[in-house]
1. For volume of the Cα convex hull per residue in Å³, which listed value, (i) 116; (ii) 201; (iii) 138, comes from the coordinates shown?
2. Can you run phi through the Karplus equation (6.51, -1.76, 1.60; θ = phi - 60°) for the stretch 35-46 and list ³J(HN,Hα) in whole Hz, with x for Gly and Pro?
3. Net charge within 15 Å of residue 171 by Cβ-Cβ distance, Lys/Arg positive one each and Asp/Glu negative one each, not counting residue 171 itself?
4. Enumerate the amide H contacts of residue 45 below 5 Å, restricted to partners 5 or more residues apart or on another chain; note that Pro and chain-start residues carry no placed amide H.
5. Between residue 172 and residue 5, take the C-beta separation as r, use R0 = 41 Å, and let me know the FRET efficiency to the nearest 0.05.
6. With r defined as the distance between the Cβ atoms of residue 62 and residue 195 and R0 fixed at 41 Å, what FRET efficiency is calculated, to the nearest 0.05?
7. Taking the Cα centroid of the stretch 158-180 and of the stretch 186-204, what is the distance between the two, rounded to the nearest whole Å?
8. Counting each DSSP H run of 4 or more residues in the chain as -39500 (n - 2.57), what helix-only mean residue ellipticity at 222 nm follows after dividing by all residues, to the nearest 500 deg cm²/dmol?
Amino acid sequence: MTIGRRSLAEAYPVLGLRIVAGPIELAGMDDDTLIALADLAAEGIHGDDEMPFQQPWTRTPAERFHLHYLQHHWGVRSRFAPGAWDLDLAVRYEGELVGTQGVSTRDFLATRTGETGSWLGRRFQGRGIGTLMRQALCAFLFDHLDFEQITSSAFDDNPASNQVSQKVGYRLNGVQRVPRNETWVSSNEYLLTPDALVRGPQLTVTGAEPVRKLIGLE
């Protein structure tokens, strides 16, 4: 059987995905983008006395930070399969790289749900960018990937993340105790449905159909 030559984006269609919503662009991350994101994250995402992530990856020692960041995303690529996948996209605001926005799901073809997650470079926070990029991803998931609901979570002491979920239309769906720093913290659990989504700017999407095939929808 002759398969023929393919580009990287043809072999791994996430690299060819591009979502534009006003000043926001979400796009697949090649290696040059990954190392630029590692540089941005190393500049700082949160204060030294804060930890907004369940996995404290921002506390990786400086000498290993960039390598660990690359290894994580290379692992995401290598494990991508219809039964379990993470769609992590680089976020640009007015052309400048500002962070990432993604969704993680397991058994998607049965559940049609997944959990969003993101980070934003500290110098870009407080400008409404986090809301715009979440609106863009959620609209894409509902309109182009057949999601029926989307979840998110945020520690109770992370007001910015909680506010983004509320602005986008997520409803509080419970509170859990989550271990952190040898004790626990309250985690607010949120649920979003298509009818509740507070939409942002209209989407222009490139590369959705190959991604649909990759996750088993076509």
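1. (iii)
2. For the stretch 35-46, the Karplus-derived couplings read 5, 5, 5, 4, 4, 5, 5, 5, 5, x, 10, 8 Hz, x marking Gly and Pro.
3. Values: positive: 134, 167; negative: 115, 148, 189, 195.
Charge balance near residue 171 sits at -2.
4. 122
5. On the way: r = 50 Å, r/R0 = 1.23.
Here the calculated transfer efficiency is 0.25.
6. According to the calculation, E is roughly 0.35.
7. Each part's Cα centre sits 12 Å from the other's.
8. Rounded to the nearest 500, the figure is -10000 deg cm²/dmol.
Values quoted throughout were computed directly from the atomic coordinates according to the rules given, and no laboratory measurement underlies them. Keep in mind it's a predicted model, so treat the numbers as computed, not measured. Glycine gets a Cβ as well: all are built from the backbone with ideal geometry, and neighbour counts include every protein chain shown.
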